[in-house]
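Below: the structure, in structure tokens.
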Amino acid sequence: MSDTPRTESFNCYDNGCDNPIHAWGAFSAELERELNAANDRIKRLEEDLMDAKNKHAALVADVALYEDRGERIKRLEYGIAKQNTEIEQTCGKVLDYPWYKNDQKNFPSSTEVDGVCVGEHIAETIASELARKYTGLKQRIKRLEEAGDALCAAAAFMGWHMEIEKWNKSKEAKP
């Protein structure tokens, strides 16, 4: 594109034109067509720009959404880890795992807040161990009740009715 306007360099006689008015009319029509074409192109470019801005805004929103999800995942992971630790500590205490505070040589300055040492165990393995121990204790209670019932039968011959009554009340009171 030249810096010199075409109207300054236009010479109708150079173009083989006899009538300058017809030459200027044709020239004006050509300029109008080019102007309309340029305006159409500008309109398309503006529409493309709006599409690009909308796509950019959608991408920015998606990035923000994924960042929010990432933060939520981090919070959930933290919550799960904290809950696992609480489960491990609760079960470990019931199972009489060793306390950190009782081993000041290896864990100096540890207190009751530090809890028990669960070693390589995780919540699932500790809960499984607790379930096995619970089942074993239930079986032991059943055997002791059977033995107590047998002793009550023998005690009836000896006249220990009060002790038998105490035994029966204690069996009924069990959780």
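Counting residues in the stretch 131-139 that are among the charged types (D, E, K, R), surrounded by 10 or more Cβ atoms within 10 Å (Cβ to Cβ) and modelled with pLDDT under 90 gives zero. The set of residues in the stretch 118-147 that are assigned to a loop (DSSP other than H, G, I, E, B) and at negative phi comprises Val118, Glu120, His121, Ile122. Scanning the stretch 148-169 finds one or more residues that are assigned to a loop (DSSP other than H, G, I, E, B) and modelled with pLDDT under 90.
Listed here are the residues, each with its yes/no results for (1) modelled with pLDDT under 90; (2) surrounded by 12 or more Cβ atoms within 10 Å (Cβ to Cβ); (3) of a type outside the set (S, T, N, Q).
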| site | (1), (2), (3) |
| --- | --- |
| Leu31 | yes, yes, yes |
| Glu47 | no, no, yes |
| Leu65 | yes, no, yes |
| Gly70 | yes, no, yes |
| Arg75 | no, no, yes |
| Ile87 | no, yes, yes |
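Against the test of being on the phi > 0 side of the Ramachandran plot, at pLDDT 90 or above and not polar (S, T, N, Q), the options Asp114, Asp103, Asp96 yield a single qualifying residue, Asp96.
The values are calculated or read from the model by the stated rules, or taken from the named source; none is laboratory data. A quick note: this is a predicted structure, and the numbers were derived from the prediction, not measured. FYI the Cβ positions are ideal-geometry reconstructions off the backbone, even for glycines, and counts take in every protein chain you see.
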